[in-house]
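Notes for the one structure printed next.
The values are calculated or read from the model by the stated rules, or taken from the named source; none is laboratory data. Since we're looking at a predicted model, the values are computed, not measured. Positions of Cβ are backbone-derived with ideal geometry, glycine not excepted, and every protein chain shown enters the neighbour counts.
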Amino acid sequence: MRLNKLAVAVSYLVLSLCPAAAVAAFSIDNVANFGSRIAMGLPGYGIAQGSIFVAAGKGVGPDQAMQAAFPLPAADGLGGVSIKVSVGGATLDAIMVYVSANEVAAILPSAAPLGTGTVTVTNGDSTATAPITVVRSAFGMFAAASGGQFGGVAVSGGQVPALAFNVDADGVTTPNALAQAARPGQNVMINGTGLGAISSDETQGGATDVPTTDIKVWVGSKPATVVSAGRGSCCTGLDPTFPIPQGIAAWDVIVLTVPDGLAGCQVSVAVQTGNIVSNIGSIAVTPDGGACVDLNTFDVTTPTGVIKIGNILLTRVLVKSSTGGANSEVTADSGAVAFTQVDVGENPARGSTALLQALGGTPGSCTISLSRVDPPSGGTDPGGSGTPVVFLDAGPAINLKGPSGVKQLPKQRGVYSAADVLTKILVPGLPPINTGGPGFLEGGAFTMDNGNGGPDIAGFSVSLNNPKPLVWENMDQVTVVNRAQGVTVRWSGGDPGGLVRIAGTSIQFQGRVSFSGIFLCTERVSAGQFTVPAFVTLGLPQVATNALPNQGSLLLSTTNGQYVAIPGVDFTQFLSTSGVGKSVTYP
């Protein structure tokens, strides 16, 4: 069973009523490429000439969703909704694709001028406007699932399966999936929109134009050979509920050859045009094109009903920073244990996400998540069960024994936890300042027990062999990450059979609006180094200086662990994480 990484951001849009006409007013919260969903102001934003874009916001369309038929309507609208785009002194009717209560989609005519302008959506007697930036090319990849925009929070990212198809030698296509992976050297077809303008009639289907766009495609961290790229139709096996009709004149098809040396269930795929990078999708790749089993796949039966879960986590984090010539280094060792009882119902996804924590992704692959937040905003998590978590009593304290001795984790509000923090401060011309004790979570064998147990959890003893902490070898040399060049990191320590995750974050404020991004790349510990490609770092918002509230960081971490048996507990995971991080800039 695979752990799907879920990213959900939701906020409420305040809906005002017009007293005179008693008609619900609406506003447009985001105008974005249908595939990428990247919001204005973020790297990679732009609506390409001839691409499919969405205008999102509550009440922008009718309650009943409707898809357009060929010839696609423009000025006449669809379901009472029409869209006009004004750029560079020209106003054009967008070509309608579909309408729904919270999102309407249309083709931006290829004749639209380049530059900034406005989108006007008319729904019955109501209108709303939003800004738009028209560019020559900005590809958005179609995916089985994608980021969305809801109310004042726009989110794009997280690695999701691309709408991709394996292409056999005879031209037959089959959906790329875990059960039917591609193999290195095989052609794969990915689908999206935004390669650029065409000359065909965009209200009709069947366009095969090839936009004059120079593109690069990255699979994992390797450049792929592009066999063809242009307008076209997709494949047999396409989900009939896909909201974009086949053959539409804004549907782009890219055929690429999978580079050698790749394997994994979530091998990343990205398309770059100039300095604009698409959203990142994933494909499954195996040496023989058969079923895919990844390193973070677990053979665990999906639970249902009321279950008891144990989570044991040991964490070491080392953070370095430099301010005004003074260098500080903080090492924090912590242990936390929680036993909970939860009703996961009959929803398999709820059960799996309650139990499993990813130990990494596909080696050599990266993903990016981006968000724009326009206050005021709020949020809820629609994925929760709504059932309160019940903490179970395993006794007054839990004992942790390791190479450095014994540490006790007392119970605090249902969770057993303790921490040691070691701080070193170096100021030029002054003696070093050290506070705190020596680190506890060194490499070696660790045993955890709860003595005689408690009312809910009987006495137990479990063990984990903790590898040497991760050491970031070139940490002091990496202070600036040039977004156009990427960055190379080198490490030692960790579990030789495990995975290293390289995470970069940046947050940029423009007034009260925040733009944030995080990339996450994965490599085997045994590789000893990894170069984060430029197409990944280009996706982060620029942070030229680390002056609050703007900030950037880079973190290396590794997690190893196992399931352990504890009497009366359905599942218990015993994990150990080692992380090393520092503040950096992303000019």
All positions within segment 565-587 that are of a type in the set (A, V, I, L, M) and modelled with pLDDT of 90 or more: 565, 566, 569, 580, 584
Test result for residue 573, more than 20 Å from the chain's Cα centre (by Cα), farther than 20 Å from residue 365 by Cα and surrounded by fewer than 19 Cβ atoms within 10 Å (Cβ to Cβ): no
Within segment 499-528, tally of residues that are out of contact with any helix residue (DSSP H, G or I) (no Cβ under 9 Å at 6 or more places or on another chain) and part of a strand (DSSP E or B): 19
Residue tally, condition in a strand (DSSP E or B) and farther than 17 Å from residue 490 by Cβ, over segment 545-563: 8
Residue within segment 535-544 that is part of a strand (DSSP E or B) and surrounded by fewer than 20 Cβ atoms within 10 Å (Cβ to Cβ) present: no
Any strands (runs of 3 or more DSSP E) falling wholly within segment 86-147 and containing at least 1 residues that are within 16 Å of residue 50 (Cα to Cα) and within 25 Å of the chain's Cα centre (by Cα): 103-107, 126-135
Long-range neighbours under 6 Å by Cβ, at least six apart or interchain, first residue assigned to a strand (DSSP E or B) within segment 272-294, second among the hydroxyl-bearing types (Ser, Thr, Tyr): 273/137; 273/213; 282/268
Considering residues of segment 290-339 that are under 24 Å from residue 582 (Cα atoms) and modelled with pLDDT under 75 only, the residue nearest to the chain's Cα centre (by Cα): 322
Only listed residue being over 30 Å from residue 99 (Cβ atoms), free of Cβ contacts under 8 Å to residues at least 24 places away in the same chain and not assigned by TED's automatic domain parsing to the domain that holds residue 498, chosen from 241, 212, 225, 257: 212
Every pair of residues 6+ apart whose Cβ atoms lie under 8 Å, when the first sits in segment 101-117 and is touching a residue at least 40 places away in the same chain (Cβ under 8 Å) and over 30 Å from residue 63 (Cβ atoms) while the second is in a strand (DSSP E or B) and of a type in the set (Asp, Glu): none
Failed item, numbered, when residue 504 is tested on (1) free of Cβ contacts under 8 Å to residues at least 60 places away in the same chain; (2) surrounded by 14 or more Cβ atoms within 10 Å (Cβ to Cβ); (3) on the phi < 0 side of the Ramachandran plot: (1)
In segment 467-478, the residues that are outside any loop (DSSP other than H, G, I, E, B) and surrounded by fewer than 21 Cβ atoms within 10 Å (Cβ to Cβ): 471, 475, 476, 477
Given (1) farther than 26 Å from residue 568 by Cα; (2) charged (D, E, K, R); (3) loosely packed, with under 14 Cβ neighbours inside 10 Å, index of the condition residue 420 fails: (3)
Pairs where the first residue, in segment 168-197, is over 18 Å from residue 237 (Cβ atoms) and the second is aliphatic (A, V, I, L, M) and surrounded by fewer than 16 Cβ atoms within 10 Å (Cβ to Cβ), C-beta under 8 Å, 6+ apart: 197/111
Per-region count, segment 447-473, residues of a type outside the set (D, E, K, R) and either closer than 25 Å to residue 555 by Cα or touching a helix residue (DSSP H, G or I) at 6+ places or on another chain (Cβ under 7 Å) (or both): 8
Residues of segment 479-498 satisfying the condition of being assigned to a loop (DSSP other than H, G, I, E, B) and closer than 18 Å to residue 517 by Cβ: 481, 482, 483, 484, 485, 486
Segment 227-278, residues that are among the aliphatic types (A, V, I, L, M) and more than 25 Å from the chain's Cα centre (by Cα): 227, 229, 248, 249, 250
